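Quick notes on the structure that follows.
The values are calculated or read from the model by the stated rules, or taken from the named source; none is laboratory data. Everything numeric in this text was worked out from a predicted model, so none of it was measured. Note: ideal-geometry Cβ built from the backbone for every residue, glycine included; neighbour counts use all protein chains shown.
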Amino acid sequence: MRPIRLFLTLLAFSSFSFSNTVSTGHADVSLVKSEQSVSKDGEIFIGIRMDMQTHWHTYWKNPGDSGGPLKVIWDLPKNIEVSDVYWPAPELIPYPPLMTYGYEDFVIFPFKLKFPENEIPSYINADIDFLICDDICVPERAIINTSIDGLINDERLDSWLTDIPSITLPVLANQADNYLELRFSYNDDIKNIYFYIEEKDIVLYASQQNLVKEENNWLLKIQLEDNGSLKNNFNGVLSINDTHFLVDAEIQSESFSGNNNISVFQAILFAFIGGLILNLMPCVFPIISLKVLSFVSMGGESKNKIRKHSLSFCAGVVISFVLIAVALIGLKESGVFVGWGFQLQSPAIVGSLSILMFLIGIVLLMDINIGTSLTRLGSVGSGDDSYYGSFLTGVLAVVVASPCTAPFMGAAIGYALIQPSLVTIPIFLSLGLGFAAPYLMLSIKPELISSMPRPGKWMETLKEFFAFPMFATSVWLLWVFSLQTNTDALINLLVSLLIISMLIWIISKAQKSNQKNFLILLIILIVGYQISAIANLTDNKDQMNTNANLVNWDKDTEKDFKLANQAYLINFTAAWCITCQANDKIALSRPKVKSYLRDNDIEYIVADWTNRDKEILSVLNTYGRSGVPLYVYWKPGMQESKLLPAILTEQIIIDSL
């Protein structure tokens, strides 16, 4: 047994009380509530409050070198559910040469009670066992019998609730020699740091944890026990400058983690190449085709005009990518970690884009004016001289490009999102420059337009034809929207599109400008109302379509299959990811691939990220990615999982497996 502080073997102090405060010998124990902790939907937070004698302490879920955690047996009415303890962030309680984790002098342990609405529990009984220590340790016990009305009001419960870590910090973890290494991004200087691991008998608690500033991230090294059994997954609380973060990480082998340690230069280069390839992805085609057509229409125009339109389009592209980077950084700083394409996880944005694509298609097909911005987006080939229109087309191209992940992009964006802001922004800037590169070339050599077909009547026909890719994009977005929400919301959106199309037809027949203006205002009001209604919807993840023959993913899937020595292929996908859907149709769902998986006993698992899921994002981060698609393959005998290419064919899959 490891050495522990002097333990007094006494008859445990026990107290039984029908009031709500029990003196156990070295602490006053009570059940408390806060008026602000009461929820309208049948939930309430209560707390076990311990007022301990000065310098006495009790323990966290992992007490460290000695001690033991709180244990509670509840006696409640049958219709009442009680959660496990919500553990507040612990503090270090040294007792040289030992180190323990716990709470000194005072603590409130929160619990959540759930009960049917208007059925407040008639009684609450708690049998509380805990260990309390100073120079000696004493097991103590409190039995409290009370009710909701009998709970003591203590507003300090709210502050202890806020001290419960709730933000998960993405980390890359690996074992090197006899150390657990955690790599993470943190923009500010770190004055104090400590990692409290939940699993017992793995690390040396009293050993100093060493912080190293690497080129683009921080490294924390924690010494392991000589015979410590470090599992694949571990949890804990990382305290940085007295701010507490949750850690839920998976150990990667050194060879795999090295794949994520690309240099800044490599990440910037990969981003540029990925942005260049992004022009060829199917999700970008409808918008890019409009801009190319508009450049064709400029045949015979001055080189200066062509150059300005090209630069305006490029400015829209580059500024949009930089703004996306700033938004991602802002969300990360606020504790919300998201990945590439995060905006399409919002039904409000998906619904809004479906309306916008439908409107642009109508404009292209009918050649009418329903508003300045839309006219500029849709009036290619019609002599539009607006540089603002070219800028907006660049913005829209980036918005619709987000469902696609081109080769090289995944590693670059995944790297960017775990780096400090000063590294993230240049990588996204390089991505934007790669995407805009063909049009930058046109601004440098405007005479290249002369090699394109001469403008003519054929352009009007082609412009009308390009309305149908817009309608197809709108239909795809409606399908994504249906998976994210529900049938009623989809019907409402379709009815809105029907009404909008009818109003646009009436506009085309109207003669008076005031009538047209009124109808345009009506369209704007309908769109605004629909977006507002969509924004109030909740995710419909539970109703999303899944294939009953597939294995659905959860955070323990890989660990469970590896323990069972079962080969697997995990498809991290999303309905809004066109690359994912193309890979599914072209490769993954083909009979030859299905037969190969079946014949070789490879489980096919789908991790659906259509709606936001922080567990999926956390696993993507461990593979150095922040978006989909991602394909992970493993079979018995492999030291590490294998990542398949982002673009798949039948032969690529079979060769890779």
Mind checking whether some residue in the stretch 146-169 is in contact (Cβ under 8 Å) with a residue 40 or more places away in the chain, basic (Lys, Arg) and not assigned by TED's automatic domain parsing to the domain that holds Trp218? yes
Given the conditions (1) outside any helix (DSSP H, G or I); (2) modelled with pLDDT of 80 or more, every one holds for Gly434 apart from (1)
Identify, by number, the condition in (1) under 29 Å from Ile167 (Cβ atoms); (2) modelled with pLDDT under 90 that Pro90 doesn't meet. (2)
Scan the stretch 85-104 for residues that are within 19 Å of Ser30 (Cβ to Cβ) and more than 38 Å from the chain's Cα centre (by Cα) and jot them down. none
Are any residues in the stretch 484-504 in a helix (DSSP H, G or I), more than 10 Å from Ile523 (Cα to Cα) and among the polar types (S, T, N, Q), and if so, which ones? Gln484, Thr487, Asn492
Test Ser312 against the stated conditions and say whether it is touching a Phe, Trp or Tyr at 6+ places or on another chain (Cβ under 7 Å), modelled with pLDDT of 75 or more and surrounded by 17 or more Cβ atoms within 10 Å (Cβ to Cβ). yes
Where Pro77 falls short, out of the listed (1) closer than 22 Å to Gly25 by Cβ; (2) without any contact (Cβ under 8 Å) to a residue 60 or more places away in the chain; (3) more than 36 Å from the chain's Cα centre (by Cα): (1)
Quick one: in the stretch 577-610, which of the residues that are part of a loop (DSSP other than H, G, I, E, B) and under 18 Å from Gln651 (Cβ atoms) is farthest from the chain's Cα centre (by Cα)? Asn600
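Taking the conditions exactly as written (farther than 30 Å from Val527 by Cα, in contact with a Lys or Arg (Cβ under 7 Å, 6 or more places away or on another chain) and at pLDDT below 80), does Gly299 satisfy them or not?
Yes: the conditions hold for Gly299.
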Against the conditions (1) part of a loop (DSSP other than H, G, I, E, B); (2) assigned by TED's automatic domain parsing to the domain that holds Leu224; (3) not polar (S, T, N, Q), where does Tyr196 fall short? Just the number, please. (1)
